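*Asks:* The structure that follows is given in the form of structure tokens.
The values are calculated or read from the model by the stated rules, or taken from the named source; none is laboratory data. Predicted model only: the values in this text are computed from it and were never measured. Neighbour counts run over all protein chains shown; Cβ positions are idealised from the backbone, glycine included. Surface areas here come from the heavy atoms of the whole protein model, side chains and all, with no ligands, DNA or RNA. Shrake-Rupley method; radii C 1.70, N 1.55, O 1.52, S 1.80 Å.
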Amino acid sequence: MPRLGVIVASVREGRNGGPVADWFTAFATAHGAFAVELLDLKAWDLSLLSEPNHPRLATYTQEKTKRWSAAVAACDAFAIVTPEYNFGAPPALINALDHLYVEWHYKPAGFVSYGGISGGLRSVQHTKSMLTTLKIVPIVEAVTIPFIARAVDGGLFQADEKHTKSAQVMLDELARWTKALHALREPQS
Ligand SMILES: Cc1cc2nc3c(=O)[nH]c(=O)nc-3n(C[C@H](O)[C@H](O)[C@H](O)COP(=O)(O)O)c2cc1C
């Protein structure tokens, strides 16, 4: 079964990203197309790009980078649970992406974004250009959650039908892309 890494991009104290990620992780597990792996950037606590060599070389010097490399390499697809900060992507997400290179290649990614009226869409657009540089294929189907503060109650994300329908469509499509891109990751002769 392909492995889906759910990247939780907010590392903020009191984040709404936790409840959204909890809901999406449970939904993706029940969906059944993927073995789901939580990649919570708050728990990973990666330092700010402190490796001396370009990530393209994969010559990492620090244990945590080596573990991050192995965790990302083990995934076949990603779902990025992300807020929007000042119309852009959260710095922890940019840093986590910048840490590695080949580990991301030829894998699809879908977004679960949230924010105010924008539902985090400007953060998604900002991140997409970085993803394509890393040869990640961002898919168009997404879960978009406007007015996040109204949707989290008692530490729980209150998913409605729009959210569950869009999560279903996004995961179905992610599974198709995962199968298609697998061939590109086979060793070239
Ligand atoms: C530094 C900062 C910048 C923000 N900028 C935006 C923004 O540009 N657009 C938006 O819709 N919400 C913005 N917000 C509000 C967030 O959408 C809201 O706080 C959300 O809960 C942040 O995700 P988190 O709780 O998982 O960190 C911002 C919040 C913070 C803390």
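*Asks:* Limited to region 129-155, what total is found for residues that are in a helix (DSSP H, G or I) and open to solvent by 50 Å² or more (accessible area, probe 1.4 Å)?
*Replies:* 5
*Asks:* Right, next: Can you tell me how many residues within region 75-127 are without any contact (Cβ under 8 Å) to a residue 40 or more places away in the chain, of a type in the set (A, V, I, L, M) and open to solvent by 20 Å² or more (accessible area, probe 1.4 Å)?
*Replies:* Residues flagged as without any contact (Cβ under 8 Å) to a residue 40 or more places away in the chain, of a type in the set (A, V, I, L, M) and open to solvent by 20 Å² or more (accessible area, probe 1.4 Å) within region 75-127 amount to 3.
*Asks:* A follow-up question, please. Could you please tell me which pairs satisfy a Cβ distance under 7 Å, a separation of 6+ or placement on different chains, a first residue in region 147-168 that is closer than 15 Å to Ala21 by Cβ, and a second residue that is of a type in the set (Val, Ile, Thr)?
*Replies:* From region 147-168, the pairs are Ala151/Ile145; Phe157/Val20; His163/Val143; His163/Ile145; Ala167/Val143.
*Asks:* Say we look at region 1-13 and pick out the residues that are in a loop (DSSP other than H, G, I, E, B) and surrounded by 15 or more Cβ atoms within 10 Å (Cβ to Cβ); which of these is farthest from the ligand (Cβ to nearest atom)?
*Replies:* Only one residue fits best here, namely Pro2.
*Asks:* Here's something else I'd like to know. For region 14-48: of the residues being charged (D, E, K, R) and more than 9 Å from the ligand (Cβ to nearest atom), which is surrounded by the fewest Cβ atoms within 10 Å (Cβ to Cβ)?
*Replies:* Among those residues, the one meeting the criterion is Asp45.
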